[in-house]
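Comments concern the structure below.
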Amino acid sequence: MDTSKKGLTAAAAKGGAASNPASKAPTPQPGVAANAADLSSTTGTTTTTEAKDVAPGSVVVSLRIGRAANIRGAKGEKVASFVRVQLADFDYKDSVVVPDTPAPDYNFVQDQILHVDESLIDIINNKKLSVTLIESLPKEKTQVLGTTEISLASFLKYPPRDPNAPPTTPYLLPSLNIKETVGFTYLNPKLLPPPPKEGDPNNQPEVTIEVSLSAPLLAPEIVEAGNFIHIRMEDLYPVPDEWTLKDGNEKDLNSNIYSYSVSFPIPAESVPERIVTITAGSLVHCEAVIPDSPTIGAQPIYIAKPADPSPTTTDGDAAAGEGSESADGIAASSLALGNPPAPAQPDPTVTEAAQKQSFKKVAWTSTTPYVVWVPPEAVVKLRERIVAKIPFEMDFERVMQPRFAHIVDANAAKYKGKAGIDVASLMWPRVIGLKGRFLLDLADGVGASGDAVDHGAKGKKGTAKEEVTHSADVNIYKAIGSHLGIEINLEKPLLDKKKLQPISKSVTDFIPKRTIPAHLLHQKRAEKADEGFRDQIQEIVKALVSEYQSTLHTMVTNTVAAAAEAGSAENSDAFDNFDIVHPKSFDDEQKRKKKFLFHLNKSGAYFNLKEQLKSSVVNVVRERFRKKSPFASQAELQLFLSELYVYLLDQMHISIHKMFKDVDSAFIDPSVLRTADFSMLKSFADQSELDHDISCAATYHQERIAKYEDSLQTWSDYGAFCMRNMQTSKGIECFKEILSRNPKHVPSLLAYGAICTSLEKYEEARVYLVTAVDLQPKYVLALTILGLFYEITGEEMESEKYLEEAAKVHKATTNDDNPASIMLKAAEFLVTVHATQIADSALSNSLLKTGPSVHPYLLLSQLELQRGNPVIAIENIKSAMQVRQDDPDVWAALGHLQFRQRVWGEAQSSYETVLSLPNEPENLPLIYMRLGFLYLRTLGNITKKVSERTYAEVELARKAKTMYIRACELKPSSSSWLGVAKASILLGQYVEAEDSLSEANILNNRDSEVWAYLALLCLILDRQFEAGQCMSQAIRNKIKNAEVLRMVGSAFIDCNQPAPAVECLKLSLELDSKDANAKVLFSKALSMQSQDYLKNQFGAGPLVPESVEVTGV
């Protein structure tokens, strides 16, 4: 066997790949062939190279082959052997021959200095250290017994760095030493004994190999900034029919004597780009026919989520985005997220039969991908190239197999092709690679006619397909629709993602704490101290009354019992307390008082009450009198005590007077009244918002804030109201006011954080949401919203962490493991504050997790209504209806939307459908009220007499009254009782109408419409004075109903009251200037007013005929 050394060739070794600078005449990489100097090659000794002898940018690779075992040759265990060691494509070295032993110790050591560049890194990643076992035979003959190899890729396996570690944490280095005992693979297995049984010692040939480096191949920070690309070639299909699978024969150029390779440029650091070539493609039979019309284009491969075992690819055609077209007709994707393109399709001129005739393909049999090192500077170039939408050109080439390398392939240029790879998706978030099939085209400068060769010249008749293929005008690959399968994976995503930095700011950095002027602050504290003292007085009074009643009851019981024992003896001591229990004079009163005071002192109640009052008195002294230092003299102390005594007595009298001013009515705790008023104003505001009276609702919210300024809930409710009604600036100021007072108010932190997310103030939003979670770590809503925020900002790991924690806490507290539940609760809160971006994300997650359901679609329609998109809102309601057609909430939502759009007939039909369903909707009273309104609306003017109406109209009025009464039974309000009153007026039931209006006035005495209809009823009943008073209240409460003002104005005209009629009709025209009937009535009222004025002044006659009639009123 020829043992001459072979040098490193420019091309790759068989079965591997080579990389060269992109030039027509490739030259060896510096440091790979020229600089891969062999320092020493000794046998039986070990040599070392000092670190100082190694040039910068180079490393020393030390190879050592130690003892072997179980070596067998042609004569059994008596074998003389040596090993041949070769690192990748570098020069090989032979050890000395170790004679006549099955366990030779080769003691082979070799040191090499290698210059580190992209090519060397690729060699270490893709090539292996091979050791060939050779038997030395007599007469200087040799025989190869077996081979083995080990991978050196572990030298480039850098341990991952903890993402949460501080920047100063040192990097971890890979192992610089590999030591393995590996077995030989014998060419002739008959030389080996049978494999050992389980438990027996190993009897197969093996050898110990050790490889070490003097230093890491790459600095850890360079590895972190660079990237590794893993490229796996799959196959090429279909292929031209003239490519046959006949056994290779150099005399038959159509036989299988060819190999196939793919080359493509990669940005480099030392040169602009370098060519990477993947060889060893071979023509093989198809075990399974590839689909005739596969999806063409790049499919992104996404980073696997924590719960997923491996990276995921998108479905078929969700591959690349729209943009400029690449060379093969594939649309180069844009960098816009979420816009994948339609995949390119094979040439439609290719017939289905032509594709099904081929059962051959070119396949790359290597199971391991080819790894390419991309240094940091090359990574920057790669990103720039992708952003510029430049596709990667992959050149396909047919070459001779190594054993037929002496034959010239005259058709090599004819079959040279190219494929454009759209890699734009590598710059998408979370994309770690791509996979797909790409159409193959002829390479630039290759003509179909110029390179066509008649392979049937030997007398064989060509098939019809061959004639089509060899046509001068047909592109051979495009004609048959050839496509190349490729998979590209990255070590880490190309899209730079900044590490999530710890939060260094707090809420007060964005919203300074509210500062109150000193004089206002002292005044407020003083008022609070006074209020606290008065409340404490009331508590003490209630305690004294309770103690007095208890003492009096004991005295009465004792007196009665003593009287029963004494009989009728008038001078008995048993009647000593009779006058105290039943006082007859002032002296008896004083006796009872002394008795009670004695009881207080004796029982210790006096001391307890005094201690109870002491803290409130101290607060008054500190805040009202602002005394915090000792007195200068006794006189000053006496003066202060006198002033304090007088002031405390005044406050005590005020407090007691509030309790006992009305002796006929029972005492009501002021806190109960405050709570009732607090809730009542909120209910008024909500009802006005439902009726779309936004200004009235805002007035109620503002009054609530004015009354309860210290309540954060009032500010929160008003802020949410403003956000829902597109008053964004006011809503933001409300939440800022809350956080300036209390930076730890969790609902406001969540609401304002979600609003900031919609406004794309992500840094500020993160501070608020993280603060909320820190304050309440087990609050499901806070965890969910923070997880959704991180999902929007692209922090998938953080998002998964918080959403999983939210689901875990929710399941622990409610035993509900439905992942959509937390999303729906978050969406309800977010829709309330109009935080559109996170609300959309929550609803999308809910629909993805559980599939189509009613509640998310209804929330989406509500969100679109807030945005002012009624068309999209109706589409969402229809989607909910497709999920469940008999859901009453869906029909109710549709009715509310139609009612809001004033589509009265359709709204009435939807509401009637709701009532016909077996289940009740969420807000049934509102449906009753609106259905009653729609019935009354069709009847026109309610003042028209019953006798002038048809039977159907009367029945409809009774039906409307029934609807309103049902609403009153479920949830009484001023609006529901007003509806009952209107129906009663129409039916001529004036007593019931007045009772209903009185009930409505009790529930809300500031409802302007109630006062207006009360005025109308008084005019019908000819109570003009009361009508005027009611109308004054309606105007004072800013009535905005033009219709009722017109009716009241007409009623005033009928009662010959032109002055109030003019006022009512003027207001009606201000609200609805196009009302023709109001204009006519207004003219008539002015004429009557003028007539009265002239009659009073000059006795003039009427200015207008009395026969003028007004229609349509």
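General remarks:
- D105-A215 FRET efficiency (beta carbon distance; Förster radius 41 Å; 0.05 resolution): 0.90
- Note on L283, L649: ascending count of other Cβ atoms within 10 Å places them as L649, L283, the fewest first.
- Prolate/oblate/rounded call for the stretch 672-727, Cα gyration tensor, a/c under 1.5 rounded: oblate
- Cα gyration tensor shape of the stretch 102-235, rounded if a/c is under 1.5, else prolate or oblate by comparing a/b with b/c: prolate
- With θ taken as phi - 60° and the Karplus curve 6.51 cos²θ - 1.76 cosθ + 1.60 applied, the whole-hertz 3J(HN,Hα) list for the stretch 944-953 is 5, 5, 5, 5, 8, 9, 7, 4, 5, 5 Hz, x standing for glycine and proline.
- Annotation: amide H of Y258 within the under-5 Å range of Q401, sequence separation 5 or more or interchain, hydrogens built in the peptide plane.
- Label reach from T850 (point 7 Å along Cα→C-beta): in the stretch 887-903, amide nitrogens under 20 Å belong to 887-894.
- Modelled spin labels at S255 and Q901, positioned 7 Å past Cα toward Cβ, are 7.8 nm from each other.
- Unsatisfied cross-links (Cα-Cα over 24 Å) in the set K628/K707; K128/K246; K513/K707; K141/K251; K761/K811; K360/K478: K628/K707; K128/K246; K141/K251; K761/K811
- Two-site FRET efficiency, A405 against L137, from Cβ-Cβ distance with R₀ of 35 Å, rounded to 0.05: 0.75
- Fully extended contour minus Cα-Cα distance, from L917 to R741, at 0.36 nm per residue: 58.5 nm
- Summarised in one figure, the compactness ratio Rg/Rh of the stretch 855-955, Cα atoms and Kirkwood Rh, is 1.07.
- Only Cα pairs under 8 Å and 6+ residues apart enter the sum, and on that basis the relative contact order of the stretch 672-727 stands at 27 percent.
- Its relative contact order, with pairs defined as Cα atoms under 8 Å and 6+ residues apart, puts the stretch 76-194 at 22 percent.
- Pair T814, R626: separation of 7 Å Cα→Cβ label points (nm): 5.2
- This ranking places Y258, Y171 by how few other beta-carbon atoms lie within 10 Å of each, fewest first, which gives Y171, Y258.
- Calculated FRET efficiency for the pair K1040/S1073, C-beta based, R₀ 22 Å, to 0.05: 0.95
- For K141, K75, order by how many other beta-carbon atoms lie within 10 Å, fewest first: K141, K75
- Each of D535 and K1095 was given a label point 7 Å from its Cα along the Cα-to-Cβ line. The distance between the two points is 6.2 nm.
- Label-zone membership for the stretch 194-221, site Y171, 7 angstrom Cα→C-beta point, backbone N under 16 Å: 215-221
- Computed over every Cα-Cα pair of the stretch 758-849 and binned at 5 Å starting from 0, the pair-distance distribution P(r) comes out as 3, 15, 26, 30, 19, 6, 1, 0 percent.
- Length added when fully stretched, F660-V380, from 0.36 nm per residue minus Cα-Cα: 92.3 nm
- Gain on full extension, evaluated as 0.36 nm per residue between R161 and L245 minus their Cα-Cα distance, stands at 25.2 nm.
- Taking every C-alpha pair closer than 8 Å and separated by at least 6 residues, the mean separation divided by the residue count of the stretch 849-898 gives a relative contact order of 37 percent.
- Residues in the stretch 958-991 that a label on V946 would reach, taking backbone N under 11 Å of a point 7 Å out along Cα→Cβ: 958, 984-991
Computed from the coordinates by the stated procedures, all read-outs in this text should not be read as laboratory data. What you see is a predicted model, and the numbers here were worked out from it, not measured in a lab. Virtual Cβ from ideal backbone geometry, glycine too; neighbours counted across all protein chains shown.
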